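Structure, as structure tokens:
Quick note: the coordinates plus some simple rules give every number you see, no bench work behind them. In this text, all values refer to a predicted model and were calculated from it rather than measured experimentally. We place every Cβ from the backbone using ideal geometry, glycine too, and count neighbours over all the protein chains shown.
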Amino acid sequence: MNSTNTFVNRVSTTREADPQAMLDLLQKQRSFFAAGHTLDIGFRKEQLQRLLEAVRSHEQELIDAMYADFRKPAFETYTTEIGFVEKELQLVLKHIVRWAKPQAVGETLLNFPARSYIYSQPYGVALIIGPWNYPLQLVLNPLIGALAAGNCAIVKPSELTPATSAVIARLLAQTFDPRLVAVVEGGVSTTQHLLAQRFDYIFFTGSTQVGRVVMKAAAEHLTPVTLELGGKSPAIVSEDADLGLAARRIAWGKFMNAGQTCVAPDYLLVQEQVKDELLEQLRIAIQEFYGDSPRHSPDFARIINDRHYERLISYLQDSVVRIGGQHDAESRFIAPTVLDQVNWQDPVMQDEIFGPILPVLTYTHLNEAIQEVNAREKPLALYFFSSDKWQQQQVLEQAHFGGGCINDTISHLINPRLPFGGVGESGVGSYHGKASFELFSNLKSVVHRGTWIDLPLRYPPYGNRLSLIRKVFKWL
Ligand code: NAD
């Protein structure tokens, strides 16, 4: 814990941005983009390098801001936000020149003589809207992709983390020409004003409910959109899993950021014979991580606001609390909590939990667990713990989910070479690393035809060439 900081128990007073100022900003970015400044790869690299230096030089400010917003531990702020962004920048800086080159693809003799390429071209001005739970990386990582691909961007951080939003606004203002990157701070009304404008790309991270609002607004202008949304991500534990290891890895993924992680295991689905042993291992893991009194642990964050706190503790009523359950409204503390004897109809199983409460359900046969998962909206992540390759294969083939891990939680986000995204209600599109570069690029397919010969076969009048052309299609 950073002793110099205070956790601010804040009452939200969102200030909305001036609509005319937003329009002016958008216009300036459009002109800057149209002038072609962002086409030069050297220019893009320079901007990304500046961002890397800015993130490094603002490290302590960012740690302090996230502590003030929801008492996020410095270790988690570094690993899941600052370090995470740095890794992405390092990867993109290393590969951008290669990614930005026209990519040659194989030829079809039907076009002979020709060469075919995919050209990546920036869209123009992108709008990036972020949530509060990872307030830095969820706006900066998309921004890295947007800049690498040569776009300008307006960034709208979450109003629920005002201290972090202010640091992001300052950091980006000090780093970039506002005609290239600008921050607009504000809440729902500001976001709605922005969404009413025509952008060339919209990248949204947040709830499924607001994702629908964003997609509707994008449809108005047929703007391409990426939606990184939420959902109920299961952790399934089979009878042959290493239960101690599974418990530690589930507790880590669930209670990091106090469970306020889009890819946190939302609920536990455990083979009935090993439930008691797994719960015992979870109790041990939680005790090892946060001690006898998690309230006093420096490594455990707080709930973002009173509304979410009230929503979360309502899940504790009429539930069988097997581990934890302690809570304190004033500091918005909810202990790492495990609920037993939960069934699919319970309120806690209806919506994404997004807090440190882990309901436990059981299954008898793996088929049944997969069917239960597939009977619901497709989750953003799925985690399966088992040492049996056949069972692993069964889950990977049959269950629908955005991405996930075998024998771990959350780690699929750590490798920037893996595209990250949801499916169905948990999201549209995926990003990170090269996938981000491609996401923010219009991939133009272009055929360069040779001019030294012009075979007449395709031109009218076709005469009796139909049988010949059939053969050509079959051979080539
Ligand atoms: P949210 O949808 O409430 O807010 C996200 C952004 O949308 C904010 O910037 C907010 O100002 C804006 N917004 C809110 N209501 C709006 C409206 N009616 N019209 C226009 N804009 C509006 O989400 P949140 O509470 O900040 O974040 C939590 C959600 O985000 C969870 O569902 C979580 O699973 C999801 N999430 C997903 C990912 C991912 O990568 N897939 C990552 C983090 C969070």
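Aspartates and glutamates within cross-link reach of Lys101: Cα-Cα under 16 Å, excluding same-chain residues under 8 positions apart? Straight-distance partners of Lys101: Asp40, Glu438. Shape class for the range 370-430, computed from the alpha carbon gyration tensor (a ≥ b ≥ c): oblate, with a/c not under 1.5 and a/b at or below b/c. Computed from Cα atoms, the angle from the helix 59-70 axis to the main principal axis of the chain rounds to 60 degrees.
At 222 nm, what helix-only mean residue ellipticity would the chain give, in deg cm²/dmol to the nearest 500, using -39500 (n - 2.57) for each DSSP H run of four or more?
Mean residue ellipticity at 222 nm (helix-derived): -12500 deg cm²/dmol.
Fewest neighbouring Cβ atoms within 10 Å first, the residues Phe440, Phe70 line up as Phe70, Phe440. Put +1 on the Cβ of every Lys and Arg and -1 on every Asp and Glu Cβ in the range 41-172; which of Val55, Phe70, Phe43 then has its Cα farthest towards the positive end of the dipole? Checking the options against the dipole of the range 41-172, the answer is Phe43. Based on the convex hull around the alpha carbon atoms, the range 135-226 presents an average projected area of 5.6 nm².
For a test of the definition: using alpha carbon positions, the gyration tensor, and the 1.5 limit on a/c, classify the range 350-476 as rounded, prolate or oblate. Verdict is prolate for the range 350-476. Debye calculation, C-alpha points only, no solvent: report log10 I(q)/I(0) for the range 234-419 at q = 0.11, 0.13, 0.15 Å⁻¹, in the same order as the q values. Debye intensities relative to I(0), on a log10 scale: -0.44, -0.62, -0.83. Summing Cβ point charges (Lys, Arg +1; Asp, Glu -1) relative to the Cα centre of the chain gives a dipole of roughly 2580 debye.
Residues of the range 315-351 with amide nitrogen under 20 Å from the 7 Å Cα-to-Cβ point of Thr364? Residues 341-345 fall inside that zone. Our coupling estimate for the range 84-91, obtained by passing each phi through the Karplus curve with A = 6.51, B = -1.76, C = 1.60 and θ = phi - 60°, is 4, 5, 4, 4, 5, 4, 4, 5 Hz, Gly and Pro reported as x. Charge tally around Gln209: other residues with Cβ under 13 Å, Lys/Arg +1 each, Asp/Glu -1 each, net -2. Each Lys and Arg contributes +1 and each Asp and Glu -1, all at the Cβ; summed about the Cα centre of the range 234-419, the dipole is approximately 580 debye.
Provide the gained length on full extension for the span His400 to Asp454, in nm with one decimal, where the gain is 0.36 nm per separating residue minus the Cα-Cα distance. The partial results should precede the final answer.
Values: separation 54, 0.36 × 54 = 19.44 nm, distance 4.93 nm.
Taking 0.36 nm per residue and subtracting the Cα distance, the gain is 14.5 nm.
Sequence gap at least 6, Cα distance under 8 Å: using those rules, report the relative contact order of the range 234-419 to the nearest whole percent. Once normalised by length, the contact order is 29 percent.
Relative to the longest principal axis of the Cα atoms of the chain, helix 41-57 runs at roughly 10 degrees. In the chain, the longest principal axis of the Cα atoms and the axis of helix 389-398 are about 60 degrees apart. For a distance above 20 Å, tell me the whole-number percent of Cα pairs in the range 178-280 that qualify. I get 56 percent for the Cα pairs in the range 178-280 exceeding 20 Å.
The fraction of all Cα pairs in the chain landing in successive 20 Å bins from 0 to the largest distance is 23, 49, 23, 5, 0, given as whole percents.
On full extension, the segment bounded by Trp344 and Lys101 gains 82.4 nm, given 0.36 nm per residue less the C-alpha separation. For the cross-link pairs Lys94/Lys254; Lys378/Lys434; Lys28/Lys156; Lys156/Lys378; Lys87/Lys232; Lys232/Lys275, the ones whose C-alpha atoms lie over 22 Å apart are Lys94/Lys254; Lys378/Lys434; Lys156/Lys378; Lys87/Lys232. Residues whose amide H comes within less than 5 Å of that of Val181, counting only those at least five positions distant or on another chain, are Ala153 (H built at 1.01 Å from N in the peptide plane). Residue by residue, the range 430-436 carries 3J(HN,Hα) couplings of 9, 8, 4, x, 4, 4, 5 Hz when phi is fed to the Karplus relation 6.51 cos²θ - 1.76 cosθ + 1.60 (θ = phi - 60°); x denotes Gly or Pro.
Structural descriptor for the chain: relative contact order 18 percent, calculated from alpha carbon pairs under 8 angstrom and at least 6 residues apart. Fully extending the segment from Ala166 to Asp276, taken as 0.36 nm per residue of separation minus the present Cα-Cα distance, adds 35.0 nm.
Lys389 sits among other residues whose Cβ lies under 14 Å from its own Cβ, and their net charge, with Lys and Arg +1 and Asp and Glu -1, is -3. If R0 is 45 Å, the Cβ-Cβ spacing of Gln174 and Gln393 corresponds to a FRET efficiency of close to 0.35. Straight-line cross-link partners of Lys216 among the aspartates and glutamates, defined as a Cα under 14 Å from its Cα and at least 8 positions apart when in the same chain, are absent.
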